[in-house]
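Notes follow once the structure below has been shown.
The values are calculated or read from the model by the stated rules, or taken from the named source; none is laboratory data. These numbers were taken from a predicted model, which means no experiment stands behind them. Reconstructed Cβ throughout: ideal geometry from the backbone, glycine too, with neighbour counts over all protein chains shown.
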Amino acid sequence: MLNSISERRIKLKDKYKLYLEVPEKEYLTTYDNEISVKNARDILTQFLKYHQDDGRIENTEIKHDKNNHSINIEADLIYIGNDHMDPKNLPTYLNH
């Protein structure tokens, strides 16, 4: 699923605004039709680990765009004061 996510970032003064667009079918299949901030944070965490990105996630929002058949996730990424993360393995439920 992580390979099919579209990503966009906007640099703000002290953070980045991250926008992820996840195909509706893949999201709903992976998360048993449950659209929640908890699941959005899971995707964000796994997405950042997958790309070895050390950003700290804050202010997560999720929206279902039924017309576009996508799940849209928005979050702030903070890099100031972060420690470098060790690479992690991808959970099998996201590895398709």
Looking only at residues that are of a type in the set (D, E, K, R) and surrounded by 11 or more Cβ atoms within 10 Å (Cβ to Cβ) in segment 63-76, which one is farthest from residue 19 (Cα to Cα)? 65
The residue from 29, 60 that alone is surrounded by 13 or more Cβ atoms within 10 Å (Cβ to Cβ), in contact with a Leu (Cβ under 7 Å, 6 or more places away or on another chain) and polar (S, T, N, Q) is 60
Do you know which residues across segment 29-39 are within 12 Å of residue 64 (Cα to Cα) and acidic (Asp, Glu)? 34
Which one is modelled with the highest pLDDT, of the residues in segment 55-96 that are of a type in the set (A, V, I, L, M) and assigned to a loop (DSSP other than H, G, I, E, B)? 80
Residue within segment 39-52 that is of a type in the set (Ser, Thr, Tyr), over 9 Å from the mean Cα position of the chain (by Cα) and more than 14 Å from residue 93 (Cβ to Cβ) present: no
Just one of the numbered conditions (1) polar (S, T, N, Q); (2) closer than 29 Å to residue 81 by Cβ; (3) surrounded by 15 or more Cβ atoms within 10 Å (Cβ to Cβ) is not true of residue 52; which one? (3)
How many of the residues in segment 1-28 are under 15 Å from residue 69 (Cβ atoms) and either in a helix (DSSP H, G or I) or out of contact with any strand residue (DSSP E or B) (no Cβ under 8 Å at 6 or more places or on another chain) (or both)? 6
Could you list, ordered by first residue, the pairs with Cβ atoms under 9 Å in which the first is in segment 29-41 and assigned to a helix (DSSP H, G or I) and the second is among the acidic types (Asp, Glu), at least 6 apart or interchain? 37/61; 40/61; 40/74
Within segment 32-47, can you find the residues that are farther than 12 Å from residue 62 by Cα, surrounded by fewer than 16 Cβ atoms within 10 Å (Cβ to Cβ) and touching a strand residue (DSSP E or B) at 6+ places or on another chain (Cβ under 9 Å)? 45
